[in-house]
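Q: I'd like to ask some things about the structure below.
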Amino acid sequence: MDLNIVVLVKQVPDTKSVTGKAMNEDGTVNRAALPAIFNPDDLHALEAALAIKDQVPGSRVNVISMGPPAAAQVLKECLFRGADFAALLSDRRFAGADTLATSYALACAIKKVGTVDLVFCGHQAIDGDTAQVGPQTAEKLGMNQITCVSAFEKVDAEKKELTVRRSIEGGYEV
């Protein structure tokens with residue numbers, strides 16, 4: 001039995017390249033002054049999804065991002081790495097969206113993919129550090145969520161069961 005997997009990814013400003021021009025006078029990030037990169041935690045999520053695709057033949061990895069047209073570059077990288085489908089949600093009305101609005105838009109897009117078995121999200125985006133979009137999206141989809149996953153111990157596609165290792169304070173749990 002194959003799995004239909006969605007990975008949510010984001011293009012973010014490279015916070016390692018911060019200069020004096022990185023901040024606007026109003027305290028917001030001057031995104032034009034920083035190069036854009038693939039959010040590192042989302043890249044880990046993509047790699048995990050692709051590893052499961054390799055373990056479960058016939059599985060499909062769909063990638064969705066919400067951002068400006070330039071975010072298509074991150075989606076192209078996803079396809080290059082082995083994703084099967086990529087979609088970009090881009091509209092000027094999304095500018096400045098908070099986590100609630102972002103998770104709503106992403107949940108609507110995931111529903112368009114069809115029946116989905118797994119949704120992967122990185123821990124958080126380095127430009128906002130809220131770690132809320134993944135959990136809020138899961139809530140809107142009515143899906144169970146497991147946060148802080150560090151390893152997949154077992155994937156049983158037939159039973160639609162996962163055994164994972166997740167980090168917790170002072171150790172891990174399975």
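Q: Quick one: which residue in D84, D127, D91 is free of Cβ contacts under 8 Å to residues at least 24 places away in the same chain and not aliphatic (A, V, I, L, M)?
A: Within the list D84, D127, D91, the selection yields D91.
Q: Here is a follow-up. Considering each of L162, L100, L79 in turn, give the residue that is free of Cβ contacts under 8 Å to residues at least 60 places away in the same chain and not in a helix (DSSP H, G or I).
A: L162
Q: Also: Scan the stretch 80-87 and give yes if some residue there is surrounded by fewer than 17 Cβ atoms within 10 Å (Cβ to Cβ), more than 16 Å from A45 (Cα to Cα) and among the basic types (K, R), otherwise no. So that I can check it myself, show each step before the final result.
A: Within the stretch 80-87, the first condition is being surrounded by fewer than 17 Cβ atoms within 10 Å (Cβ to Cβ), and the residues that meet it are 80-82, 84-85, 87.
Of the ones still in play, those that are also more than 16 Å from A45 (Cα to Cα) are 87.
Next, from what is left, pick out any that are among the basic types (K, R): none.
There is no residue in the stretch 80-87 that is surrounded by fewer than 17 Cβ atoms within 10 Å (Cβ to Cβ), more than 16 Å from A45 (Cα to Cα) and among the basic types (K, R).
Q: Among the residues of the stretch 159-174, write down those that are closer than 17 Å to A49 by Cα and open to solvent by 40 Å² or more (accessible area, probe 1.4 Å).
A: Those that are closer than 17 Å to A49 by Cα and open to solvent by 40 Å² or more (accessible area, probe 1.4 Å): K160, E161, L162, T163, R165, R166.
Q: Just checking, how many residues over the stretch 101-151 are charged (D, E, K, R), modelled with pLDDT of 90 or more and surrounded by 13 or more Cβ atoms within 10 Å (Cβ to Cβ)?
A: 2
The values are calculated or read from the model by the stated rules, or taken from the named source; none is laboratory data. Predicted, not measured: the structure shown is a model, and the values here were computed from it. Every residue, glycine among them, receives a Cβ derived from its backbone with ideal geometry; neighbour counts consider all protein chains shown. The accessibility values were calculated without ligands, DNA or RNA, using every heavy atom of the protein model including side chains. Shrake-Rupley method; radii C 1.70, N 1.55, O 1.52, S 1.80 Å.
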